[in-house]
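K.L.:
Here it is, the structure in full.
The values are calculated or read from the model by the stated rules, or taken from the named source; none is laboratory data. Predicted model, so just to flag it, every value in this text is computed and none were measured. For neighbour counting, all protein chains shown are included, and Cβ atoms are generated from backbone atoms with ideal geometry for every residue, glycine included.
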Amino acid sequence: MKEELFISGRNIPNIDPFLNIWHWEIPVYLYLGGLSAGIMFFAGLFTVIGKEKEMETTVKWAPFLVPIALVLGLFALFLDLKHQLYFWRLYTTVRMESPMSWGAWTLMFITPLSMVWAAAYIKDLIPGWKWRINLFEQFEVIIRRNMKPIAWAMMGLAIVLGVYTGILLSAFNARPLWNASILGPLFLVSGLSTGLAAIIWMSKSHKERTILTKIDLALIGVELFLIIHMFMGFLAGSAVKIEAAELFLGGPFTTTFWGVVVIMGLIIPAILEIFELRGSKVPVWIPSFLILLGGLIFRFIMVEAGQITRFLY
Amino acid sequence: MRYGMAIDTAKCVGCGDCVVACQTENNVPIGYCRDWIVENVNGSYPNVEIELRSERCNHCENSPCVRCCPTGASHIVDGGIVMVTHNECIGCGACIQSCPYDARYSHPDGYVDKCTFCQHRLEKGQSTACVEVCPTTCLHFGDLDDPYSDVSLALKNRTWKVLAPEAGTKPQLFFLT
């Protein structure tokens with residue numbers, strides 16, 4: 001039996017022949033959000049357990065990237081809006097059922113918090129830094145005294161932000177590829193791993209790198225586990241889920257996903273990291289770069305492929 | 001009060017009058033449409049059958065677009081009609097992603113637009129533009145809660161289906177088969 005569908009006279013931009021309403025802005029934002037969540041989580045974690053001295057890059061230097069990444073990510077989100085002058089409407093209401101509302105509010109709190117964290121360490125970064133306004137000086141003293149509670153808040157918000165980047169997609173029942181609850185933890189773990197990769201790249205202390213590399217290896221393991229489970233879930237699912245999985249299992253995204261994201265972005269860096277832990281000389285930037293690139297491409301293809309998948313009727 | 005529409009797929013000839021009427025009535029920008037015709041061809045010649053469907057927003061009872069809207073611009077009004085308040089919409093596209101029927105589009109002015117069941121006409125006691133012009137009277141519109149409304153009577157006497165019931169959206173468009 002042959003079945004064909006024609007839709008007469010409908011050729012709406014970005015809707016037909018298949019949905020393409022979200023372009024590069026969304027994956028870039030998801031990536032920067034995940035990266036920021038990763039850096040902030042570990043900065044918070046090592047502050048809470050009192051390892052600021054040993055883990056200097058994690059706690060002090062890498063978090064300087066976060067406000068920059070978040071502002072760039074927010075700018076990308078803003079570019080994506082089609083009715084930009086009304087963006088402030090996000091902040092006139094709290095919509096419990098809408099993941100995007102949750103995300104907007106989380107960013108409202110976490111972006112200033114990341115700036116406060118960076119400001120607290122700016123005197124270590126730029127010796128001789130002086131606040132022009134006296135109030136800032138007093139504010140800094142209060143912040144420096146309360147780093148632990150702030151670290152707790154930052155860890156919590158970082159997890160919400162990391163999970164949110166996945167939930168944003170998984171909440172859409174109409175796009176079968178996205179509509180998998182495993183996307184929340186998967187994007188969180190991927191975000192944490194890219195955050196670690198950035199810190200490892202920046203760190204000059206061998207001891208710090210060793211600790212972080214071990215954590216990163218565990219995260220890569222978890223990520224592979226979650227990816228396999230995601231596909232098991234799809235293949236055991238309904239027709240639309242199987243069709244979604246087939247985009248990655250023989251379909252147009254097969255090479256990019258398995259070749260670039262899984263092998264180049266997860267397995268090869270993991271092998272390189274194992275060699276590094278065993279004492280081989282591997283340039284530190286290579287596994288970090290591969291993980292960062294793999295994470296970015298992962299988000300790009302998830303956003304693009306998801307929009308192709310739909311209900312059949 | 002619960003508005004719904006029944007579309008007689010056996011009577012529809014796919015002329016597209018409903019599409020043009022809607023575009024005219026609602027000032028839909030050129031190149032866009034709030035309703036459209038789907039030709040579902042089954043089999044191959046000589047054993048072939050065609051189902052013609054005039055489709056539009058399903059005004060779902062469990063509407064994913066209203067759920068995912070971050071500002072509350074998408075909302076449900078009296079009669080179960082899903083509406084968009086233009087000056088609350090930020091154009092994020094979440095509702096477009098959430099619709100299993102691809103019934104929403106991004107208006108060139110930025111906000112999201114879609115079928116309103118001609119709410120401005122219903123308020124005046126008129127029916128929707130698409131129903132008024134249909135030359136084969138294959139569109140039946142009315143209150144589903146009223147057993148004697150046009151739509152209720154059409155559903156009572158015929159077999160019907162809804163689109164993608166597995167999406168769980170409880171659509172209010174019924175296709176008479």
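K.L.:
Just one of (1) at pLDDT 95 or above; (2) within 11 Å of chain A (Cβ to nearest Cβ); (3) surrounded by fewer than 20 Cβ atoms within 10 Å (Cβ to Cβ) trips up residue B:74, so point out which.
P.N.:
Exception for residue B:74: condition (3).
K.L.:
May I pose another question? Could you grab me the full set of residues in the stretch A:235-244 that are part of a helix (DSSP H, G or I), closer than 18 Å to residue B:100 by Cα and out of contact with any Ser or Thr (no Cβ under 8 Å at 6 or more places or on another chain)?
P.N.:
Residues satisfying the conditions are A:239, A:241, A:242.
K.L.:
Scan the stretch A:257-294 for residues that are within 29 Å of residue A:23 (Cβ to Cβ) and touching a Phe, Trp or Tyr at 6+ places or on another chain (Cβ under 6 Å) and report the count.
P.N.:
Matching residues across the stretch A:257-294 total 3.
K.L.:
While we're here: Of the residues that make up the stretch A:152-164, is at least one touching a residue at least 24 places away in the same chain (Cβ under 8 Å) and within 14 Å of another protein chain (Cβ to nearest Cβ)?
P.N.:
Yes: the stretch A:152-164 contains one or more residues that are touching a residue at least 24 places away in the same chain (Cβ under 8 Å) and within 14 Å of another protein chain (Cβ to nearest Cβ).
K.L.:
How many residues are of a type in the set (D, E, K, R) and under 17 Å from the mean Cα position of the chain (by Cα) if we restrict to the stretch A:50-93?
P.N.:
Of the residues in that region, 0 qualify.
K.L.:
Name the one entry in B:28, B:19 that is in a loop (DSSP other than H, G, I, E, B) and under 20 Å from residue B:127 (Cα atoms).
P.N.:
B:28
K.L.:
Based on what the data block shows, is residue B:30 more than 7 Å from chain A (Cβ to nearest Cβ), crowded, with 22+ Cβ neighbours inside 10 Å and β-branched (Val, Ile, Thr)?
P.N.:
Here the answer is no, as residue B:30 does not meet what is asked.
K.L.:
What single numbered condition from (1) of a type outside the set (A, V, I, L, M, F, W, C); (2) in contact with a helix residue (DSSP H, G or I) (Cβ under 6 Å, 6 or more places away or on another chain); (3) assigned to a helix (DSSP H, G or I) fails to hold for residue B:97?
P.N.:
(2) is the only condition that residue B:97 fails.
K.L.:
While we're on this one: Take the stretch A:103-117 and flag every residue that is within 16 Å of the chain's Cα centre (by Cα) and not aliphatic (A, V, I, L, M).
P.N.:
A:103, A:106, A:111, A:114
K.L.:
May I pose another question? How many residues are over 16 Å from residue A:292 (Cβ atoms) and in a helix (DSSP H, G or I) if we restrict to the stretch A:245-270?
P.N.:
Here the count works out to 8.
K.L.:
OK, next. Residues of the stretch B:111-126 being touching a helix residue (DSSP H, G or I) at 6+ places or on another chain (Cβ under 8 Å), outside any strand (DSSP E or B) and surrounded by 17 or more Cβ atoms within 10 Å (Cβ to Cβ), which ones?
P.N.:
B:111, B:115, B:118, B:121
K.L.:
Name the one entry in B:100, B:165 that is touching a residue at least 12 places away in the same chain (Cβ under 8 Å) and within 10 Å of chain A (Cβ to nearest Cβ).
P.N.:
The unique qualifying residue is B:100.
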